[in-house]
Each structure stands twice: as structure tokens, then as C-alpha cells.
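FYI, it's all coordinate maths here, none of it is from the lab. All figures in this text were calculated on a predicted structure; none of them were measured in a lab. Every residue, glycine as well, gets a Cβ built from its backbone with ideal geometry; the counts of neighbours run over all protein chains shown.
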Amino acid sequence: MNALFAIARRDLAQTYSGSGWLLPLVFFLLVATLFPFAIGPDPAILGRVGGGALWTAALLAALLPIDRLIAPDRDAGVLDQYAVRGISEEVVAVAKISAHWVGFGPPLMIAALPASALLGMDADSLIRLEMGLALGSLGLAALAVTVAALVAGLPSGGALAGLLMLPLAVPILIFGAGALDELQRGAWFLLAASALLLLAVAPFATGAAIRIMRE
Amino acid sequence: MKACFGPDTTLPIRNMRRLMAAKLRLEKLGCIRGDRPLFSGLDLTLDSGGAALVTGPNGAGKTSLLRVIAGLLPAQSGTVETDGTLGFAGEQAALDRNRPLKSALLYWARLDGGEPAQVHAALETMALANIADVPVRMLSTGQAKRAALARVIASHADIWLLDEPGNGLDTDARARLEAAIANHRDAGGIVVAATHQPLAMPDAAEIPIGEAA
């Protein structure tokens, strides 16, 4: 447990000491500003598509940090050092997922506040968006770490990461955007279930990927 | 195919105990990388205070042998038994580039349950105390190598696995490394070093690799 906290604290310190946490956030806000330009300033239309647009932006923003989640630690021999100390790859994965979520989820939820204003969303939709992001970002963070472990060390890992991650994140997008509709109560459970599934599978998939890339 | 170390057996609390009771036993160890057999039927037993020098030309499998012992690569045949904690200095220093050297070393020392005093002592041992506050990315090749060795020294691990520890070291640093190795062995530790350069380790068992091939 000590190792888990130590690794998570180090990863989090690295995220916040560099500009790692800022990049997805700025990207998310940029996409939110682009939508009114593309669709036009009609508040009725923007309010209607705004939530879905922000969910898509969140999904794309989740792709950005992938190249700094696993590959640098692999190249620097840090993952080997964990293994030599008998820290299991799954524990490393759980630590990395926790640290990544703390550096990704809450900043995204804060960025959603100005973004929703830009798209003229009403207060009810904003609350549903924030709650949805709180759940969905858990799944997205878990998925990002898994994909990062799968593509670490591959020549064009960055491009491959998008192709791997986006299809797997589709359930989060569908149920997250679905939960914006007040009539679709079931979407909440399905969103939570998708996030939970990703969260449950990710440590084992990530651990296996880290072990395989040592060969 | 079986390796006798579980991931769980190597994480006891490492405290400041002196006189370690370490043991390393390789039995009929073999390793294949790709299609190429690197070594096979390797036997070695080291008790407290023992040392082994792995020698051989480039690409012979010195690094692979150390990685098999460290549990980072599966053994193709034979077994590795380790009794004691492992300290591994590989090709990469495994130190965070943006942190000051002292704080980067302290991360690993803390993970090993160590104290800041151990890091200070290790920095002194490898003559790095004057650059303790310099970010790791500013270190030269030789300084980074010394830093990686300081990480192993500070870990108080029982069994040191050193991959080309003399690379990039100047005469003074090499003498300091040899002294640190002698100290570690006096305290009951084990050292396995892979090198193609001369490294003074009295009474070390020599393991030549790849010469028959």
C-alpha cells in the first residue's frame, strides 16, 4: 500500500510540476470555443448540441496525456526498478490510474464550467454534465493508462493510441451524452457500469502490457 | 521455465541492518533471446560477501543474464534463487530528469523504506554531494552513472546487480565504486557485475559468456 501511495504521489507531482495537467484542459476549452464558430451563435441550437459537443471534446482531451503516462517511465528504467523491488505491475497500474484521474478528471470538470457558458447550456444540463464527467472521467483515465501501456515503445504509438482508445471509449460517450437528457434515467446506470468495467479491467490489462513490453 | 522468485518475496522492510545474510544461486540457467541462445547450463552459488564478474564481448548476453537474475526476463531453463533484496543498476539511471539529484534519489530510498541520511551517505560515497541540488537532466554521462550507483548504495539492498558499472567513470569514481563494492561485501552483501572493462573485485567468481559461440 505504501508503494501504491508513493508511486501515485510521484506521478501526480510530475503532472502538476510540468504542464501535463494544463494541456487537456486548454484543448477542451478550445474545442468548446470552436463549436459556436462552426454551428453559429443560435442559442437554441447550441444549447441542444452543447452537451454532446463537450462530451466529444472530453473524449479527445483524454487522448492528449497518453504519451506521458507510461512510455517515459519505461524508457527511464523506472518500471524495471519497481519490478526489481517486487512491486507488482498491477499495483503500479492502480497507482498510475489514480494519479492520472486526479490530474485529469477534476481539471476537466472545472473547465466544463466556462465551456458550458460558451455553449449557452442551462443550469440543469450543466449539473448533469458535471456528474456525468465525474463518472466518465474515471473510465477515461483507466482506459488512457491501459492504452498508454499497450502502445509504449511502439514506433508510432501516438497515432495508434487514438485508434485503440476512441472505439473503446464509445460507451462512455453514448451513455454520458445520453445522461444529459432528463428522461433517460437508465443512461446513468449504464455510464457508471461502463466506467466501472473499464476501471476493473484496466489494472490487469495494464499490468500484462507492462510485463510483455519487457521482453 | 520456472523462476524461483515470486514478485512478493523481495519486499521486506529494508532497514539499517548490518551483516546481511544474502544468498544467490543459479542452477543450469539458460536464456534465449529471439532465436539466439545466449547462454545455457549456467551454475553459480554466491553466499554472503561473494561476488561474480560477468565478462564477454558486446551482445554476448551479459545484460540479459543480469535481467534474468533481477526477474525482469524469464529464464528459458534452470532456476534463480535469491535470498535478500535486490538492487539493480541497469543501462538507465531511473531518476526523474526534472528533479534535483538528491530528491530523485530520495524517492527510491523512501520506496525502500530508507532515510534521507542513507541518500546523503551514498552521495558522499560517489562524490556527488556538491551536485546534489542539480537537476538530473543536467548531469553528464559519468555523473548519471555515478548517480545510478548511488541509488543502489542508498537502497541498502543485499544483492547488487551492476550492468557495466565502470562505463563513463573517471579513475577517481572507479576507485570509489571499487571501495563501495568492497564495503558492501564486507557487510555481507553480494555483488554481480557485468563489465567488459577491468574492475577490481578480489576473489570474484568469473563468468565468461558467449566465448564458446
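Some notes on this structure:
- With N counted as the residues of segment A:56-102, its alpha-carbon radius of gyration over 2.2 N^0.38 Å works out to 1.32.
- Per-residue ellipticity at 222 nm from helix content only, as computed over chain A with -39500 (n - 2.57) for each DSSP H run of at least four residues, stands at -28000 deg cm²/dmol.
- Note on A:116, B:103, A:19: ascending count of other Cβ atoms within 10 Å places them as A:19, B:103, A:116, the fewest first.
- Taking amide H positions as modeled 1.01 Å from N, with prolines and chain starts lacking one, the residues under 5 Å from residue B:54 and 5 or more places away or on another chain are B:193, B:194, B:195, B:207.
- The ratio of the alpha-carbon radius of gyration of the protein assembly as shown to the globular-protein estimate 2.2 N^0.38 Å is 1.15.
- Annotation: amide H of residue B:134 within the under-5 Å range of B:101, B:102, sequence separation 5 or more or interchain, hydrogens built in the peptide plane.
- For the segment A:82-92, counting C-beta atoms of other chains within 10 Å of every residue's C-beta and taking the mean gives 6.
- Sorting B:23, B:102, B:62 from the fewest to the most surrounding beta carbons within 10 angstrom yields B:23, B:102, B:62.
- Among A:57-64, A:41-48, the peptide with the highest mean count of other Cβ atoms within 10 Å heads the list, and the full ranking is A:57-64, A:41-48.
- Across peptide B:85-92, the mean count of Cβ atoms from other chains lying within 10 Å of each residue's own Cβ comes to 4.
- Here the Karplus curve 6.51 cos²θ - 1.76 cosθ + 1.60, taken at θ = phi - 60°, turns the phi angles of segment A:33-50 into couplings of 6, 6, 4, x, 5, 7, 8, x, x, 4, x, 5, 5, 4, x, 6, 8, x Hz, with x standing for Gly and Pro.
- Nearby aspartates and glutamates by direct alpha-carbon distance to residue B:28 (threshold 19 angstrom, same-chain neighbours under 8 apart not counted): B:43, B:47, B:81, B:83, B:206, B:211
- DSSP assigns beta bridges within the protein assembly as shown; of those with both partners inside it, close to 45 percent run antiparallel.
- Scattering curve values for segment A:2-212, log₁₀ I(q)/I(0), Debye with Cα scatterers, q = 0.10, 0.18 Å⁻¹: -0.43, -1.21
- Lysines whose Cα lies under 17 Å from that of residue B:102, excluding same-chain neighbours fewer than 8 positions away: B:145
- With neighbour counts taken as other beta-carbon atoms within 10 Å, the residues B:108, A:21 rank, fewest first, as A:21, B:108.
- Across segment B:119-158, Cα-Cα distances exceeding 17 Å account for 20% of all pairs.
- For segment B:120-131, 3J(HN,Hα) computed residue by residue from phi via the Karplus equation (6.51, -1.76, 1.60; θ = phi - 60°) reads 4, 4, 5, 4, 4, 4, 9, 6, 10, 4, 6, 10 Hz, glycine and proline entered as x.
- Neighbouring partner chain Cβ atoms per residue of B:106-115, average, 10 Å criterion: 3
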